[in-house]
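The values are calculated or read from the model by the stated rules, or taken from the named source; none is laboratory data. The shown structure was predicted, so the numbers you read here are calculated from the model rather than taken from an experiment. Ideal geometry is used to build each Cβ from the backbone, glycine not excepted, and the neighbour counts take in all protein chains shown. We work out accessible area using only protein heavy atoms, side chains counted, and drop any ligands, DNA or RNA first. Shrake-Rupley method; radii C 1.70, N 1.55, O 1.52, S 1.80 Å.
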Amino acid sequence: MKHLIKKLLREGLLDEAAITSLTGIGFFANESESVLGLYKSEDMKKGLENYDADEINEAVIGAVELRYNESLQTYEINSIYADKGYGPLLYLIAMTKSPEGLIPSRTSQVSKSAKSVWEQFYSGKGQASVTSEPIKSGRHQEDYMNQKYFIKNPIDLNKAESVTKDILKNDKYDEKLSMLEEAIDGRLRQEMRDIY
C-alpha cells in the first residue's frame, strides 16, 4: 500500500502535506460493507478508552457509503466525506471493496470536489490507478460521470483492518464497536448535511 500512496503522491492525486503514509490509520467496514471508514488509530483508541464522543468523532478522517445498483449490477457511491487529501484514497478503497466496479452517484447532487476526483480517474493522472468502461444509462452530462471504474491493483487493507481488530480485541459487549461504527456513520451524515 505504501508504494501506491507514493505513486499517487507523485502523480498529484493526493496532497503530500495531508498524507505521507498510512501508518497509524485504521480501516473499518460495517457488517454489510456498505459503510467504510478511515480514522487516526491512536486518537480513536484514546477516545474509545475514555468514552469521549468528541475525541472519537474527531479521529474519523473519511467515510463512504456504498449502495448496490441493481440495474447496473455494481456498487455506486451514495455519499462520501474525507479530510483534505484522503478523498482519492477513499475512492480507491471503495473500488477495492467493489470488484465488480464502482460508479459515481446517479443523483444530480454530486459535489464539485467529488466530480474532480472522478475526472482525474477518467482522464487525468488517476488513469494510472484505474480503468473505466461506459455504463449503459448515462445520467450525467460529463462522460467521466457515466463510467464504471475498476482499480488496477487492489489496496491491501490487512494492516489497517488489523488496527481495528486490535482496538476492539477486549470489547466483550461490543460497546467500542458500536461507538466506532456510530462515529463513522455520524460523521459522514454530518458532513453531507454541511455540503448540501
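Please determine whether any residue of the stretch 46-53 is within 26 Å of Leu168 (Cα to Cα), open to solvent by 10 Å² or more (accessible area, probe 1.4 Å), modelled with pLDDT under 95 and hydrophobic (A, V, I, L, M, F, W, C). Within the stretch 46-53 (the criterion being within 26 Å of Leu168 (Cα to Cα), open to solvent by 10 Å² or more (accessible area, probe 1.4 Å), modelled with pLDDT under 95 and hydrophobic (A, V, I, L, M, F, W, C)), the answer is yes, since at least one residue qualifies. Beta carbons closer than 6 Å, at least 6 apart along the sequence or on distinct chains, pair a first residue in the stretch 43-60 that is closer than 13 Å to Arg187 by Cβ with a second that is among the basic types (Lys, Arg) and in a helix (DSSP H, G or I) for Asn57/Arg187; Val60/Arg187. Of all positions in the stretch 100-120, at least one carries a residue that is open to solvent by 10 Å² or more (accessible area, probe 1.4 Å), modelled with pLDDT of 90 or more, farther than 15 Å from Arg139 by Cα and in contact with a Ser or Thr (Cβ under 8 Å, 6 or more places away or on another chain).
Here is a check on your reading of the model: is Asp171 open to solvent by 90 Å² or more (accessible area, probe 1.4 Å) and not basic (Lys, Arg)? Spelling it out, it is not the case that Asp171 is open to solvent by 90 Å² or more (accessible area, probe 1.4 Å) and not basic (Lys, Arg). Among the residues of the stretch 121-131, those that are touching a residue at least 12 places away in the same chain (Cβ under 8 Å) and open to solvent by 50 Å² or more (accessible area, probe 1.4 Å) comprise Tyr122, Ser123, Lys125, Thr131. Within the stretch 148-168, the set of residues being more than 17 Å from the chain's Cα centre (by Cα) and surrounded by fewer than 12 Cβ atoms within 10 Å (Cβ to Cβ) comprises just one member, Lys165. Restricting Gly37, Gly87, Gly12 to those that are at pLDDT below 95 and open to solvent by less than 20 Å² (accessible area, probe 1.4 Å) reduces the list to Gly87.
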